[in-house]
Amino acid sequence: MLGFLTARRAGLDDPLRLRRAESTRRVLGLQLNPDRDVDRIHGNGINTIDIEAVEGRYMLSGGADGVIVIYDLENFSGKLQYSCKAVCTVGRSSRYVHKFSVETVQWYPYDTGMFVSSSFDKTMKVWDTETLKPAEVFQFEGNVYCHHLSPIARKHSLIAVGTTNPKIQLCDLKSGSRIHILQGHRAEVLSVRWSPRYEHILATASADSKVKVWDVRRASGSLFTLDQHNGDKSKASSEAVNTAHNGRVNGLCFTGDGLYLLTTGTDDRMRLWNSATGENTLVNYGKVCNESRKRLQFTVSRGCSPEFVFVPCGSSVAVYTLHTGELVTMLRGHYNSVDCCEFHPDYQEVYSGGKDCNILAWVPVLRPSDVEEDSDHEVKGAAGQSSVNPAFQDAWSSDED
């Protein structure tokens, strides 16, 4: 740490290098925090969670019981041990509650005064956070598996929606109407994600084993369909041509810079794609257990070097290095299947929810003090000298010499 600070002060290091190094150290030190509880409100499994990006303080959760909960993650007690309290709840007693399982919840990217939820009751609701009443309700013909608002859009306010219908619906927040459909899939759409780099680029994943990338300004169909074999016809059987997985594709996630797209499928595989060209990077993550028939919510770290992927794997959360595929660790704590996890970029924390009705907080372990006992200095003095960057070693001669 002192070496980083000295190099930064001397102008030898990039300003972000210390931040990346510390963020990486914190992610590698993630552990289940016994001192932090999240109020247990849901009476059934938790399908989806989302942390707002404005303050990084409030978290949404949606469950199979149709209930939506807003938590305050801030610790106002000043004590090491505290609970993340449920600030407000759209419970079963509310007349506006979803009748069936809530599949996706998402904060409005620019303001905590609004959030969006979608459910198996064939509706998507736009909520006023203050009143906990829906300001707009979109009705669909089939169950809604997923929806997504662009985190960066300035020129449009579209919500992409995936349902049991193979057509992707685009709903406009400003007009309150469905304005466009995207046709190309042949089975239900299980996941949709807008690019965090280009506001008109949308990725969609379906039970037809395909992942398509769209530019919603074009009327001529998708830009391209991801092919796990990169166009090599000799490796692909006739039914596997232009498929991203050999099974249902139920998870999508862009990296923070939008340059890469991750997909997960029921073939127990996770793949990393170049989002600009659609090329499979062929990173081998090994077997990634995936038995979910619905959308699987996984996440990627931001601000680390290298970046990490957090993906539900049975009753654990598997942590992989993004570009090498190396399994770093397994976060174990749930006693039933994990369905969703979310990364908090401000504090390098991970929150996960599962069928055990619990939300668990995975928090970096505290850095040990740099101040050591005198006896430790004597023992480790020689080792410490050799580990210091030569650029920062004291080259002055002492008076005794």
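The values are calculated or read from the model by the stated rules, or taken from the named source; none is laboratory data. The structure presented is a predicted model; accordingly, all values stated were derived computationally and were not measured. Cβ placement follows ideal geometry from the backbone for every residue including glycine, while neighbour counts extend to all protein chains displayed. What goes into the accessible areas is simple: the full protein's heavy atoms, side chains included, and nothing from ligands, DNA or RNA. Shrake-Rupley method; radii C 1.70, N 1.55, O 1.52, S 1.80 Å.
Structure notes:
- For the stretch 280-294, a residue qualifies if it is of a type in the set (K, R) and either without any contact (Cβ under 8 Å) to a residue 24 or more places away in the chain or within 15 Å of Y260 (Cα to Cα) (or both), and exactly one does: K287.
- Residues satisfying the stated conditions in the stretch 94-108, i.e. modelled with pLDDT of 95 or more, surrounded by 14 or more Cβ atoms within 10 Å (Cβ to Cβ) and out of contact with any His (no Cβ under 6 Å at 6 or more places or on another chain): V97, H98, F100, S101, V102, E103, V105, Q106, W107, Y108
- In a residue-by-residue description of the stretch 73-90, the property of being among the acidic types (D, E) and at pLDDT 95 or above applies to no position.
- Residue within the stretch 238-253 that is within 28 Å of G286 (Cβ to Cβ), over 26 Å from the mean Cα position of the chain (by Cα) and of a type in the set (V, I, T) present: yes
- Of the residues making up the stretch 380-399, none is touching a Cys at 6+ places or on another chain (Cβ under 7 Å) and either modelled with pLDDT of 95 or more or acidic (D, E) (or both).
- Qualifying residue in the stretch 149-157 (condition: at pLDDT 95 or above and assigned to a strand (DSSP E or B)): yes
- Residue within the stretch 237-246 that is part of a loop (DSSP other than H, G, I, E, B) and over 22 Å from V213 (Cα atoms) present: yes
- Count - residues of the stretch 161-185 that are outside any loop (DSSP other than H, G, I, E, B) and within 15 Å of A203 (Cβ to Cβ): 5
- Single residue of V97, V126, V137, V116 found to be over 26 Å from V363 (Cβ atoms), assigned to a loop (DSSP other than H, G, I, E, B) and of a type in the set (V, I, T): V97
- Of all residues in the stretch 324-340, those that are surrounded by fewer than 24 Cβ atoms within 10 Å (Cβ to Cβ) and hydrophobic (A, V, I, L, M, F, W, C) total 4.
- Residue in the stretch 77-91 that is within 21 Å of G353 (Cα to Cα), assigned to a loop (DSSP other than H, G, I, E, B), of a type in the set (S, T, N, Q) and open to solvent by less than 30 Å² (accessible area, probe 1.4 Å) present: no
- Count of the stretch 301-322 residues which are farther than 15 Å from A21 by Cβ, open to solvent by less than 10 Å² (accessible area, probe 1.4 Å) and part of a loop (DSSP other than H, G, I, E, B): 1
- Residue within the stretch 248-268 that is among the polar types (S, T, N, Q), out of contact with any His (no Cβ under 8 Å at 6 or more places or on another chain) and open to solvent by 50 Å² or more (accessible area, probe 1.4 Å) present: no
- If you go through the stretch 316-350 and keep only what is closer than 19 Å to S292 by Cα and in contact with an Asp or Glu (Cβ under 8 Å, 6 or more places away or on another chain), you end up with H334, Y335, N336, S337, E342.
- Set R217, R193: member being modelled with pLDDT of 95 or more, open to solvent by 50 Å² or more (accessible area, probe 1.4 Å) and either of a type in the set (K, R) or touching a Lys or Arg at 6+ places or on another chain (Cβ under 9 Å) (or both): R193
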